[in-house]
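Heads up: the structure comes next, in structure tokens.
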Ligand SMILES: [Zn+2]
């Protein structure tokens, strides 16, 4: 999650703080999620999303052929009673763990007083990007989704019991029926491990991208597509940063097998030594299999740099 402090300004954020009596909207939506888990009597992961949704007036969760990630179809109130109940639809083409995050995101929409008072259908192109420029309600729903799917009460002790590793992260993700990325984001937010999870994809420097896309033979490098890092990891990994071909990360890309090794990453004028565990993890985009590597990085010497060795 972002380290930048948010200055919340929307009516939706304010309504949530008034509802809960908690001045910070982020803490307020987490409290809503915790209250729902308590109300539903959930005692361990994985959380029963269908049951949680039913407590919020959702009568069905459907997989649909659609472009957006999710949809909350609202049934208007008739008098005091909710007629029929709402429906959550998720994109059938997305992975089951992505669908779970989206379901949790749609449940979070029901926490908002405006929805409670006048339910209106909401469509989400995408969930889980926690965008800074996004609508505040959307961001808060991503935070609420994490709190529902990966509650701190179970996530923290589980992560604390494990050594930081890719296998540990994958096991924990499976326990919560969450994606590895969503799980990494939550563990990073708790700062239990000094680690980063980096998604690498072949691509070009910004300056070369349009030339390459126009058919010029410019070789692609393996580049940072997304990076999630805990505060104690101590290194900021910028998007589109490339990794050297002699690295273990690149080897995972080339051989399509898991690798581990000591890699160096030069960022600005500093070179960092990192312990990397990488897995090849192609994914489907519009019916085409896209190559991708996922790396779990640990600092070898936390927050220290080698003397511009690379
Ligand atoms: Zn949404």
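The values are calculated or read from the model by the stated rules, or taken from the named source; none is laboratory data. On a predicted model such as this, the values are computed, not experimentally measured, just so you know. Glycine also receives a Cβ, built like all others from the backbone with ideal geometry; neighbour counts cover every protein chain displayed.
How many of the residues in segment 26-49 are in contact (Cβ under 8 Å) with a residue 12 or more places away in the chain and either under 20 Å from the mean Cα position of the chain (by Cα) or closer than 13 Å to residue 105 by Cα (or both)?
Residues flagged as in contact (Cβ under 8 Å) with a residue 12 or more places away in the chain and either under 20 Å from the mean Cα position of the chain (by Cα) or closer than 13 Å to residue 105 by Cα (or both) within segment 26-49 amount to 11.
With the structure loaded, tell me whether residue 81 is over 23 Å from residue 15 (Cα atoms) and either at pLDDT below 95 or not assigned by TED's automatic domain parsing to the domain that holds residue 146 (or both) or whether it fails that test. Talk me through it step by step, then tell me what you get.
Values: over 23 Å from residue 15 (Cα atoms): no; either at pLDDT below 95 or not assigned by TED's automatic domain parsing to the domain that holds residue 146 (or both): yes.
Here the answer is no, as residue 81 does not meet what is asked.
Let me spell it out: the conditions are (1) outside any helix (DSSP H, G or I); (2) modelled with pLDDT of 95 or more, and residue 26 meets all of them except one. Which number is the exception?
(1)
Mind listing just one residue for me: the one in segment 55-78 that is more than 21 Å from residue 38 (Cα to Cα) and in a loop (DSSP other than H, G, I, E, B) and, of those, modelled with the lowest pLDDT?
Of segment 55-78, the ones more than 21 Å from residue 38 (Cα to Cα) are 60-78.
Then drop every residue that is not in a loop (DSSP other than H, G, I, E, B), which leaves 65-69, 74-76.
On the way: 65: 97, 66: 96, 67: 94, 68: 95, 69: 95, 74: 93, 75: 85, 76: 75.
So the residue we want is 76.
Taking the stated definitions as given, is residue 287 under 27 Å from residue 98 (Cβ atoms) and loosely packed, with under 15 Cβ neighbours inside 10 Å?
Working: under 27 Å from residue 98 (Cβ atoms): yes; loosely packed, with under 15 Cβ neighbours inside 10 Å: yes.
Yes: the conditions hold for residue 287.
Against the definition (more than 11 Å from the ligand (Cβ to nearest atom), under 22 Å from residue 229 (Cβ atoms), exposed (fewer than 15 other Cβ atoms within 10 Å of the Cβ) and at pLDDT below 95), how does residue 160 come out, yes or no?
Values: more than 11 Å from the ligand (Cβ to nearest atom): yes; under 22 Å from residue 229 (Cβ atoms): yes; exposed (fewer than 15 other Cβ atoms within 10 Å of the Cβ): yes; at pLDDT below 95: no.
Judged against the criteria, residue 160 is not a match.
Tally up the residues in segment 122-137 that are closer than 23 Å to residue 51 by Cα and away from the ligand (no atom under 11 Å from the Cβ), please.
0
What number of residues within segment 11-56 satisfy the criterion of being closer than 16 Å to residue 142 by Cβ and in contact with a strand residue (DSSP E or B) (Cβ under 8 Å, 6 or more places away or on another chain)?
Count: 1.
Among the residues of segment 31-51, write down those that are under 19 Å from residue 116 (Cβ atoms) and either within 16 Å of the ligand (Cβ to nearest atom) or in a loop (DSSP other than H, G, I, E, B) (or both).
Result: 32, 33, 40.
Which condition breaks for residue 208 when tested against (1) touching a residue at least 24 places away in the same chain (Cβ under 8 Å); (2) farther than 17 Å from residue 268 by Cβ?
(1)
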